[in-house]
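To keep things clear, I will list the structure first and then write my remarks on it.
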Amino acid sequence: MRGPGLVYFALIMLMLTSACQRPTEVPWSSEIEGSVFEVQVEYQNKSSGDGTTGSSSGRNTLTERIIEVDSKEIIVEYDYAPRPRRYVDEQPNLIEWEFPATISLKHSDDITLQNIEEITARNTEWREAAGIPNEACGLWYFTWNAFKVECDPNTVIQSLEAFILFDDEIHEGQEIKEFGTLKTGIIKLVSSSPLTFQAEFEFDPEVIRESRAEQDVIVAQMMQRETISLENALEGRATEQISGNLTATWELDDRGRVIKRTRNSNITIELENGEIEKLSQKQTTTRTLQAD
């Protein structure tokens with residue numbers, strides 16, 4: 001689910017909307033126990049600079065099952081969306097060790113894995129079957145795409161963040177924070193049918209700079225070049241002038257549940273030699289309620 005083409009936009013895929021304290025005597029979410037959703041994340045990336053342009057797109061789909069909702073937390077299970085088997089005796093792909101994953105999400109935005117031992121066992125099985133030693137944990141390798149060897153089961157939470165839409169504080173005038181931005185945005189009503197809200201943000205240049213430096217470290221590792229430290233990579237990016245903005249839009253259903261979120265981001269980078277790089281991404285997360 002990850003690759004180097006998305007590293008520039010990793011900070012965007014990591015964003016979670018904030019939530020405020022809710023009264024403890026009632027469920028803090030309008031989600032309904034037993035509900036099952038199909039959640040799809042689509043992205044479109046574009047870049048230009050130095051006389052070249054590039055683009056990429058893709059989608060990932062998970063099934064989301066609401067297990068429990070109370071005054072303190074939501075417990076949710078995420079799993080791969082059902083796919084038909086090509087052969088009757090086809091075995092699961094061991095690389096798909098991340099799911100199913102059960103999380104606890106509290107109104108403080110605290111997310112924890114509930115089945116961490118199960119995920120750890122699957123991860124170990126995958127690495128043993130693939131012959132990946134413990135020393136490779138955290139390293140990147142390249143086949144038809146680039147992959148990172150993950151050994152920490154908690155990285156599943158990072159993979160899920162683009163899929164999570166729970167937030168009952170989406171209403172006009174509410175202040176909200178997006179990861180990697182300088183200050184909170186103010187939610188504005190943009191449509192009453194369907195009920196749609198929007199907020200605008202300014203990116204923190206240092207967050208983007210660090211993301212670009214991390215990419216430099218990863219590329220050097222994959223290309224088997226001389227290893228560079230993140231500190232040295234940051235020094236190499238220090239002269240870049242970075243600016244950017246994000247527009248987030250939320251669509252709610254008649255119960256007040258967020259069923260769609262769209263993030264449009266635009267980043268401009270002026271290099272020391274005067275060249276201009278432009279990066280943009282549209283990320284859309286959609287939840288579709290499944291029939292009983």
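Where a number appears in this text, it was derived from the coordinates with a stated rule and is not lab data. In this text, all values refer to a predicted model and were calculated from it rather than measured experimentally. Here Cβ is always computed from backbone atoms with ideal geometry, including for glycine, and neighbour counts include all displayed protein chains.
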Could you put SER55, SER35 in order, starting from the residue whose Cβ has the fewest other Cβ atoms within 10 Å? SER55, SER35
Please sort by residue number the trypsin sites (Lys or Arg not before Pro) in segment 128-233 whose DSSP state is loop and whose Cβ has at most 12 other Cβ atoms within 10 Å. LYS183, ARG225
Reachable lysines from LYS278, criterion Cα separation under 21 angstrom, eight or more residues apart if same chain: LYS46
May I ask you to list the aspartates and glutamates whose Cα is less than 13 Å away from that of LYS260, ignoring any residue fewer than eight positions away on the same chain? GLU38, GLU42, ASP167, GLU251
Compute the Rg to Rh ratio over segment 148-246 from the alpha carbon atoms, using the Kirkwood formula for Rh, and round to two decimal places. 1.10
